[in-house]
Every structure is written in C-alpha cells, then in structure tokens.
Amino acid sequence: MKRLAWLMVGMVLVLAACATGEADETGERFTYTSYELPLDEKVALGDGPHEIVFVFDYSCPWCKKWMESVLPEVESRFLETGEATFKGQPLVLLNEKSQLLATVDANAERLMPGRYYDVQRQIGLDAETVEDYGTEAYVRRLADLFEADAEALLAPQVDVGIQNARLYTRDLGVDYVPTVYVNGIKLLDAFSVDEMERVMNGDIKAGDVVDVPTE
C-alpha cells in the first residue's frame, strides 16, 4: 500500500478525470503536442503505417467504456483496413487492483504475445462485471480461460506499472485516462475516432491550437 501512497495523492487530476469522463485540458485552448513514446518494442495489433496508442488504467470505468465503444470502431476503420497499428499501455494510477493487473498485462505480453491483446481486452471488459476483479483468484481464472500458467502471469514485476505512470504523467502529457495518441500526437478527445483520422490525414498537426469545447 505504501508503494502506491505517493501516486494516489499525486494523481488527483487523473482520478477526477476518470471519475467524471472529462477529457479536456484545463483552460480554454488545447495545443496538439507530439511525444516520443517508448513503445518501439511493444507488441502491436495490426500492421498499418499509422500508430494509435491507448493509455489507460484497468480500474478506470471510462477506459472500460473506451474498450467497449471505441476499440471496435478503431479495429474496423483502421486495423482491418491496414491503415494503422494499435498499442494499449496500462498504467497504475488508481488502486492496488490496477497494480496487479498491470503486472499481469506485462507478463502476458512477454509470455503470449500472439494472444496479448485478447488477454488485455478480456481484463478490460471484465471490469465492474466480475466480483473478484483484480484479485489473484480472478487472475487464476483468467489463466485457465487462456490456458496460461497462472504463476507466470502473477510473477512480480519491478513496479512496471508505477514506473510507467511516473513517466507518462511527468514527461508524456497524461493528465487523465484514457489518453490516446496518434502518431505520437496526443488527442484532445480520446473518444473521437474522427479526430484520429484527421491526424492520420494530416489535417491535425503537432503545434495546432484549438478551442476546448465547453459543456
């Protein structure tokens, strides 16, 4: 618990954004910023020339909503057509369940890369629907479902999710989850597939400034 204490205090903005579903920067203007994401070695889904990166927390209900409503459209519009690749990067921002599941995610990517995104999606969609979600018992059932070694999925990592959380919130522009990047450019609205397409088409470029919509 102590290992998460600093993060729980320091991530008030992230927690609030996840809880309310807000996806805008504070203020009236948003600048599209490009980041060098450390994901060259990460397993990708699809093989298109553009890259869509989804940064999330397994305990965030809006991240689950993204997986339910946006990911299928991303697959049909960009992955199945060969236009883009997809990478999902979990962080540890909200609680100890997030920490355990980020560890399982990292182990699944290493041990079963061909089924990695099936595992990631299963975990994401199970949130809020499974009573023991984020527990060791849940991971053991998950391992049975995917015919994987439960002990290998549960093997401790060196705080991989927390280290990523520090990096992404300090240096890579993550103020809330979910956050989405296209070709390294952080989107204003993580839920807008049209915005993703505008970046791919070059209609949105790094440095462009837009007004933030008001409710």
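Quick rundown of the values:
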| read-out | value |
| --- | --- |
| Unique residue being modelled with pLDDT under 90, on the phi > 0 side of the Ramachandran plot and open to solvent by 10 Å² or more (accessible area, probe 1.4 Å) when the list is G21, G82, G10, G46 | G21 |
| Considering residues of the stretch 116-128 that are more than 22 Å from L39 (Cα to Cα) and in a helix (DSSP H, G or I) only, the residue most open to solvent (accessible area, probe 1.4 Å) | L125 |
| Qualifying residues in the stretch 129-177 (those that are outside any helix (DSSP H, G or I) and without any contact (Cβ under 8 Å) to a residue 12 or more places away in the chain) - the one farthest from F56 (Cα to Cα) | E147 |
| Top-ranked residue in the stretch 98-145 [being farther than 17 Å from P156 by Cα and basic (K, R); ranked as nearest to the chain's Cα centre (by Cα)] | R121 |
| So D203, is it open to solvent by 30 Å² or more (accessible area, probe 1.4 Å), in contact with a helix residue (DSSP H, G or I) (Cβ under 7 Å, 6 or more places away or on another chain) and not basic (K, R) | no |
| Residue check for G88: touching a residue at least 60 places away in the same chain (Cβ under 8 Å), within 22 Å of W62 (Cβ to Cβ) and not acidic (D, E) | no |
| Residue in the stretch 187-196 that is β-branched (V, I, T), over 14 Å from T33 (Cα atoms) and either open to solvent by 40 Å² or more (accessible area, probe 1.4 Å) or in contact (Cβ under 8 Å) with a residue 60 or more places away in the chain (or both) present | yes |
| Residue count for the stretch 49-79, restricted to those that are among the polar types (S, T, N, Q) and surrounded by fewer than 20 Cβ atoms within 10 Å (Cβ to Cβ) | 2 |
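The values are calculated or read from the model by the stated rules, or taken from the named source; none is laboratory data. Since the structure is predicted, the reported quantities are computational estimates derived from the model, not experimental observations. Every residue, glycine as well, gets a Cβ built from its backbone with ideal geometry; the counts of neighbours run over all protein chains shown. Accessible surface is based on the protein model in full, side chains and every heavy atom, while ligands, DNA and RNA are left aside. Shrake-Rupley method; radii C 1.70, N 1.55, O 1.52, S 1.80 Å.
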